[in-house]
Amino acid sequence: MSHDDLEKLLRDVKKCKRIRIVDREKNRKMRYDLNITIADQEDIVRNLTIQEYCKGPLEDDDPRRNQYVWVFKTQFDETPIYVKITDIKRDSSGAYVDAISCHIDYD
């Protein structure tokens, strides 16, 4: 992925009306462990930077979801965070992105 393409992706993520944190055990556990809210996780996703980019676009590992994903590793209060986001999607209420993963990075 080119630097310009990555900049555009992150600009588009920032502009999204909604960032949906997918309801997964790891994502819920992060909220519990760090005493944060879904809004905090949305802010983590919205504020990703080029320097935190790891890989993508990759085909989603779940064949039921026909989409691409991008992986980032960031920090929240010195805790390493793993973030996996989808393509920007659009519906009648505007643009949104799914954060399949937004949890503590144990690697």
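The values are calculated or read from the model by the stated rules, or taken from the named source; none is laboratory data. Because the structure is predicted, anything quoted here is derived from the model rather than measured. Methodologically, a virtual Cβ is constructed for each residue, glycine included, from the backbone with ideal geometry; neighbour enumeration extends over all protein chains shown.
Listed values, structure above:
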item	result
Filtered residue count, the stretch 71-97, keeping only those that are surrounded by 14 or more Cβ atoms within 10 Å (Cβ to Cβ) and more than 21 Å from residue 34 (Cβ to Cβ)	7
Number of the condition not met by residue 92 [criteria: (1) without any contact (Cβ under 8 Å) to a residue 12 or more places away in the chain; (2) in contact with a Lys or Arg (Cβ under 7 Å, 6 or more places away or on another chain); (3) among the hydroxyl-bearing types (Ser, Thr, Tyr)]	(2)
Qualifying position, being touching a Ser or Thr at 6+ places or on another chain (Cβ under 8 Å) and among the hydroxyl-bearing types (Ser, Thr, Tyr), among 96, 82	82
Which numbered condition residue 68 misses (of (1) of a type in the set (Phe, Trp, Tyr); (2) surrounded by 16 or more Cβ atoms within 10 Å (Cβ to Cβ); (3) over 24 Å from residue 106 (Cβ atoms))	(2)
Filtered residue count, the stretch 3-53, keeping only those that are crowded, with 16+ Cβ neighbours inside 10 Å and of a type in the set (S, T, N, Q)	2
Residue selected from the stretch 19-39 under the condition over 12 Å from the mean Cα position of the chain (by Cα) and among the charged types (D, E, K, R), by the criterion farthest from residue 81 (Cα to Cα)	23
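To keep it simple, each residue is scored yes or no on (1) among the aromatic types (Phe, Trp, Tyr); (2) at pLDDT below 90.
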{"position": "66", "(1), (2)": "no, yes"}
{"position": "79", "(1), (2)": "no, no"}
{"position": "82", "(1), (2)": "yes, no"}
{"position": "102", "(1), (2)": "no, no"}
